[in-house]
């Protein structure tokens, strides 16, 4: 018989628990500008005391809104009734504490933003596009149901990724019926839709062009793997044709789309991939300045109507407590938005200070910069910087870039200049673009060229960076004449 000993013990440990307001603040910091609009709309829907300001010249602006700009986020349980009254009287309106540049740009940006929203057209899904074509086909009800099951398993690239066996069980059909249903889907547009792999997709597209028995179809059927390995001379020998003739066939195959639905501007349950920059970097008098795109962000305020309700004796205590809670929640949101703007502004200013050469000359002049370095400069935690830059973009004189783009390690050249890993990648791309395609540079050769130019980079680092920018090895880059 086992002897179970029950022992009671105490342990001491430290835990950091975030308050709800802190969690909310981090949540608003993390979301990109497009998603922020949605989040704030949700807050406006659930919090009756929050209002969206229409323009900066609205009547009684000073009386109709307020926010806490001195104490940061506020917890309801920390305020007593008498303190609450003082809190309201001492607070100032949110927009009165904004920089002048924010207020001056708001009217123009708001007009552009409304035009932008009104211009968005909801794109159809791949599923709806296929079902629409199916509605014009004459097939019986049972087959239609099986075809709809197949369509539901088409991914964003246009491939069928489901299991015919599983769908047969779901549809109460046999495997032969499901295969026939798949063939029906593969007759729809775009050509290649419903293929189960790349080979089948290319063959479907060739068949649609009337080239089902062409040399291109033979090449895809028999030698696709060898083609991917760039075994051009060997394939030409097996097909008993010249290398030049094979290159012509390959050129025809390259005109096909390996991903049938890519480039159709469709969506599958997700929003179109619109990007709004959080800030714009502009040059003024030989200096670069950061201007936040605050016009795309709703301007919130606390309704004066609910503040006045707190002063009315006929309003019940329960109602007043509810209003207080909502006012404090709204104030925390407004303060979180201010903190979000301040954080992004500070990070963008560090980028401007560090990356002057990039702003002037482009990616090759990009300097190394880590999130820890930025965190130290703006007096924030490294994880906060990471959250602040995630999924956000900034407009620069060199184009639109994700904020994360500016963070990378780097090297010191022989002349003492600091180079980011991204600038080294650009140099590798430039070297490869100028190579003789019949004798492409090996990674060792590229490392040697970089070293001659004063950038000491190891061969394995060249290979890593080459793969990161999507460039094949020298064996696969080689072209035969």
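Throughout, read-outs are computed from the coordinates displayed, never taken from laboratory work. Remember, predicted model here, so these are calculated numbers, not experimental data. Backbone-built Cβ (ideal geometry, glycine too); neighbour counts: all protein chains shown.
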For the pair residue 382 and residue 229, how long in nm is the line joining their label points, each one 7 Å along Cα→Cβ?
4.3
Highest mean packing first, using Cβ neighbours within 10 angstrom, the peptides 314-321, 164-171 sort as 164-171, 314-321
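By how many nm would the segment from residue 207 to residue 311 lengthen if fully extended, with 0.36 nm per residue of separation less the alpha-carbon distance? Please list the in-between numbers first.
Details: separation 104, 0.36 × 104 = 37.44 nm, distance 7.82 nm.
Additional length available on full extension: 29.6 nm.
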Taking the highest mean first, how do the peptides 475-481, 219-225 order by number of other beta carbon atoms within 10 angstrom per residue?
219-225, 475-481
For the pair residue 41 and residue 284, how long in nm is the line joining their label points, each one 7 Å along Cα→Cβ?
3.2
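How much length would be gained if the chain were fully extended between residue 214 and residue 372, taking 0.36 nm per residue of separation minus their Cα-Cα distance, in nm to one decimal?
Details: separation 158, 0.36 × 158 = 56.88 nm, distance 5.84 nm.
Extending this stretch completely gives an extra 51.0 nm.
Rounded to the nearest 0.05, what FRET efficiency is calculated for residue 255 and residue 222 with R0 set to 25 Å and r the Cβ-Cβ distance? Walk me through the numbers on the way to the answer.
Working: r = 20 Å, r/R0 = 0.79.
Between residue 255 and residue 222 the formula returns 0.80.
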What FRET efficiency, computed as 1/(1 + (r/R0)^6) with R0 = 56 Å and r the Cβ-Cβ distance, is obtained for residue 459 and residue 318, rounded to the nearest 0.05?
0.15
I'd like the FRET efficiency for residue 442 and residue 136, computed as 1/(1 + (r/R0)^6) with the beta carbon distance as r and R0 of 45 Å, rounded to 0.05.
0.25
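I need the shape label for the range 357-419. Rule: rounded when a/c is under 1.5, else prolate if a/b > b/c, else oblate, with a, b, c from the alpha carbon gyration tensor. Each step should come with its number before you reach the end.
Details: a/c = 2.56, a/b = 1.26, b/c = 2.03.
It comes out oblate by the Cα gyration axes.
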Rough spin-label spacing in nm, given labels placed 7 Å along Cα→Cβ, for residue 400 and residue 128
2.3
